[in-house]
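**Student:** First the structure, which I've put down as structure tokens, then a few questions once you've had a look.
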Amino acid sequence: MTETASARSLARSAVGRLFPLYGAQALATGATTVSTILASVIMSGLGREDLSGLPATLISAAAALSAGLFGALMLSRGRRFGLTAAFALGVSGALTGFLGARAGLVPVFLMGAALMGAAQGLPAGTVRRCRMCGPRAAGVGPGPADADECGGVPADHGCLFGVEQLGVRLGTSAEIAGWLVAAALLGVAAALMRAWTPPASQEPAAVRTARPPLRKTFSIAGVRSAALGLATAQGVMVTLMSLTPLRAHHAGVDHAGVAGLISAHIAGMFGFGWLTGPLVDRLGMRFGYTSGAVLLVAAALSALGPGTPWLGASMFLLGLGWNLVFVSGSRFLTRYPAAQGVTDSLGYVASGTGTLLGGLLIARAGFPALALTCAALSLLPLLSAWRAGKRSTGVPPSPEPSGAV
């Protein structure tokens, strides 16, 4: 009894120390999601609808390329400095994108998108690692560490409802004004980092640096199929998340409707972590992969329906399907840190390729062609479920040290 109370007390203390990090990540989630989703509509307004997926492609590519650089910066200057620098870079990217779009300069807008992407290379991975100090690691169930991104829901919803008036005041569109709001949110996130004290690592240096060869890691049963499922879910999710608002724009959906679509999507992605995590723990990875694939297929097909309700359902199912695959695959790969970086890179590649080709496909064959293609690709996590087999009831033992990062 005393040990349980002590564990809960330590968990509450950890949550308090990490609260600025949670708040900053929530604001950053709102900023980056709004800017990414609005980018396709902005490109359409700039007369380059055939390249509507290019900003999201640049965001994904820049995030992949910057992860190593920010990691090195974090090792030399500390996590707080690295995160602050990342959020500050995001501010500069959002401002550059705003100014470029307002002036009608496509190259400058794309430069801003690339800077925004570079700012995303570090924060998400750092937050995931810091969560190991949170309530779940202490064995007391989900808590704020599982819900920080869900704070992006009110951030997204609130700022999209206000950008229309801001756009009028600035003499520009609401979509372009959204990038200025994103800069403000990232600026607050950077300020919050000054109030955060990074937790000290508790693992010995020898344990933290012990890693088997990458080839050996990917030869372990289940690792390659987990990477396949995660990369597929990430690519499909980012592609539809980035390009569905363009379909909504063509259908005459107003800005309040777009705000609702984004809120539904973020709620699906992060709002049910308290449920999907325990379900995967109880029913196994095969359940997570299969149900996630089914929901991703349903999301792609429901995006073809008429009206805002169908699009809202699509965005919600898209987020929830991604969540189930992500929880299943990432929990398995926590035992194999050598594979995590490669899997993240595969996700960036899938996202960047999907958005670029998706925009071209919409321009030539229409949105239905993109939706059907995404529905077909969403079946790939079923292969992960099949490969998981009887090992799906829990995370299998690993030869790697659990403390490796």
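Values in this text are rule-based calculations from the coordinates and carry no lab data. All values derive from a computational prediction rather than experimental measurement. Methodologically, a virtual Cβ is constructed for each residue, glycine included, from the backbone with ideal geometry; neighbour enumeration extends over all protein chains shown.
**Student:** Can you tell me how the stretch 213-396 classifies by the Cα gyration tensor, rounded, prolate or oblate, using a/c under 1.5 as the rounded cut? If you can, show how the numbers build up before the last one.
**Tutor:** Values: a/c = 2.31, a/b = 1.69, b/c = 1.37.
Judged from the Cα gyration tensor, the stretch 213-396 comes out prolate (a/c at least 1.5, a/b above b/c).
**Student:** Here is a follow-up. Please list 369-377, 295-303 highest first by mean number of surrounding beta-carbon atoms within 10 Å per residue. Before the final figure, lay out the partial values.
**Tutor:** Working: 369-377: 19.1, 295-303: 23.3.
Top to bottom by mean Cβ count within 10 Å: 295-303, 369-377.
**Student:** Another question about this same structure. Evaluate E = 1/(1 + (r/R0)^6) for LEU279 and LEU99, where r is the Cβ-Cβ distance and R0 equals 35 Å; express this FRET efficiency to the nearest 0.05.
**Tutor:** On the way: r = 45 Å, r/R0 = 1.30.
My answer for the efficiency is 0.15.
**Student:** Next question. Mind sorting ARG387, ARG215, ARG331 by how few other Cβ atoms lie within 10 Å of their own Cβ, fewest first? Write down the numbers at each step before the final one.
**Tutor:** Working: ARG387 20, ARG215 8, ARG331 17.
The fewest-first ordering by Cβ neighbours comes to ARG215, ARG331, ARG387.
**Student:** In what sequence, highest mean first, do 346-356, 31-41 appear when ranked by Cβ atoms within 10 angstrom? The partial results should precede the final answer.
**Tutor:** Details: 346-356: 23.1, 31-41: 27.6.
By packing density, highest mean first, the sequence is 31-41, 346-356.
**Student:** Counting alpha carbon pairs within less than 8 Å and at least 6 residues apart, what relative contact order, in whole percent, applies to the stretch 213-396?
**Tutor:** Details: 294 pairs, mean separation 75.8, N = 184.
In percent, rounded to a whole number, it is 41.
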